[in-house]
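> Take this structure, written in structure tokens, and hold onto it; I'll ask about it next.
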Amino acid sequence: MTTTNHPNYYSRGGIEAIDIIEAYGLNFNLANVIKYVTRAGRKDGKETLTALQNAERFLNREIQKTMEETEPPF
């Protein structure tokens, strides 16, 4: 593996976000939450707020989807 495919901000303690995502079998929305949260502020120390806002956007999409799936039909 090269550093191009695995820059420093991709892992911490030898664990990459993708390892967590695959281990838990997360869907697209939740995978993106994990990706953005684990990388927040690590990419050249920048874009922490943007990364957290992106995580929030995907979490809100998942919450909305879950609410729609669990609402009783009328």
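> Among the residues of the stretch 42-74 satisfying the criterion of being under 22 Å from Ile15 (Cα atoms), open to solvent by less than 100 Å² (accessible area, probe 1.4 Å) and part of a loop (DSSP other than H, G, I, E, B), which is modelled with the lowest pLDDT?
Gly45
> Would you be able to tell me the number of residues in the stretch 15-41 that are open to solvent by 70 Å² or more (accessible area, probe 1.4 Å) and either in a helix (DSSP H, G or I) or modelled with pLDDT under 85 (or both)?
7
The values are calculated or read from the model by the stated rules, or taken from the named source; none is laboratory data. None of the values given here were measured: they were computed from a predicted structure. These accessible areas exclude ligands, DNA and RNA; they are computed on the full protein's heavy atoms, side chains included. Shrake-Rupley method; radii C 1.70, N 1.55, O 1.52, S 1.80 Å.
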